[in-house]
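Q: There's a structure below that I have some questions on.
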Amino acid sequence: LLPIPVAAAAKETVESRSYLEDLHLYATPREQRFRMFASLEFEGQLFMTPYDFIQAVTSDEPKRAKRWRSLSKQELNQILMETPPVWKGSSKFFRTLNEKGVISYTEYLFLLCILTKPHAGFRIAFNMFDTDGNEMVDKKEFLVLQEIFRKKNEKRERKGDEEKRAMLRLQLYGYHTPTNSVLKTEGEDLVPRSYWDTLRRSTSQALFSDLAERADDIASSLSDTTLLVHFFGKKGKAELNFEDFYRFMDNLQTEVLEIEFLSYSNGMNTISEEDFAHILLRYTNVENTASYLENLRCMIPEEKGITFEEFRSFFQFLNNLEDFAIAMQMYNFASRSIGQDEFKRAVYVATGVKLSPHLVNTVFKIFDVDRDDQLSYKEFIGIMKDRLNRGFRGYKPIQRYTTFKSCVRKELYSR
């Protein structure tokens, strides 16, 4: 038997852990996912490491047991001291930092937004932060993000124990937030909106509200993070220009795509068409993926492979999916399907991205289930829209046996 003081301490630890786990009931799906992958805690607030973030957008579940490690002030300062400036960024930034970084919940939402934005939208994003229009973004302007995302979450909170809701806000934002609204509430706000839409609408309101004024108070109550130091320097006095902002966003998109590609390429320059299909379908609501994969095997019996450039160009196109959908409707106004030439032309006209003939043929073979060499709006657009939810929910398990088969094929064809 445990001594009474030890037993009491153990019981208190279990009860405390149960209490924190119970907060999951009051969290939105996005908050739940952040709490699931976050591994650090500092003064009551949870943080992801760069490694945690990469895992959250490329894996179904964390690869290690859920545990929040408490950081000391000294450890946090050391991490921030080693953070490189934004002009030293690269497409290996998150992988290089690995565990040596801290990412807050609102920054997690911001990074997820970046992953699904087209390059043409980077300027719009920068201008949304640049509220004074001086072509530079300072730390105060960037911190408006904290309030905008918090206000969106407040409208989504469930009714329940106020103490637990306050604890959840402390975990996610690092301070006890007031319950009164900062932004004006409009009837249209009741309509579900993406975080990017919220950011786009709300940042423009910052000049006419007290959000900008509150940024100083927020800054004084929050700890610095890896992104804040990366963007604005260790003293927080630097300013972010558009070129550095664009490069950061482009590097992040490239890095996540590289990680996904390399996880299937087995050290080779290509991935199989079947692996490409897996990467697409694991982010969607498609239930019967087997029919899509079987269709692909029958229609492309000999593997040619998808290069990284083809892979990257396709996902750049997907980030322009809304514009493409409009162009496709011009061909498909009467719910008619389109062929490969029309598809390729619509992609280029709408997005400026040129897809290779082999990549287009592979996409058709994946989604053309009725095998008429035509692609309907419902067969493609509806499924691909699901994929833009990456990072906000769980993914489909990966059927690794196909990857092994593809590896064997590659060995045979390379001889």
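Q: Determine which residues of the stretch 32-51 fall in the zone a paramagnetic label at ASN77 would reach in this model, i.e. backbone nitrogen under 19 Å from the point 7 Å along Cα→Cβ.
A: It comes to 41-44, nothing else.
Q: Nearest 0.05, what FRET efficiency do LYS235 and LYS92 give at R0 = 30 Å with Cβ-Cβ as r?
A: Working: r = 26 Å, r/R0 = 0.87.
For R0 = 30 Å, the calculated efficiency reads 0.70.
Q: OK, next. Using the structure shown, select from LYS73/LYS237; LYS117/LYS304; LYS63/LYS385; LYS117/LYS139; LYS88/LYS117 the pairs with a Cα to Cα distance greater than 24 angstrom. If you can, show how the numbers build up before the last one.
A: Working: LYS73/LYS237 21 Å; LYS117/LYS304 30 Å; LYS63/LYS385 27 Å; LYS117/LYS139 22 Å; LYS88/LYS117 22 Å.
From the list (LYS73/LYS237; LYS117/LYS304; LYS63/LYS385; LYS117/LYS139; LYS88/LYS117), the Cα-Cα distance tops 24 Å for LYS117/LYS304; LYS63/LYS385.
Q: Mind ordering 99-110, 344-355 by average Cβ neighbours within 10 Å, highest first?
A: Working: 99-110: 22.8, 344-355: 17.6.
The densest-packed peptide leads the list: 99-110, 344-355.
Coordinate-derived values only; no laboratory data. These figures come from a predicted structure and were not determined experimentally. Glycine gets a Cβ as well: all are built from the backbone with ideal geometry, and neighbour counts include every protein chain shown.
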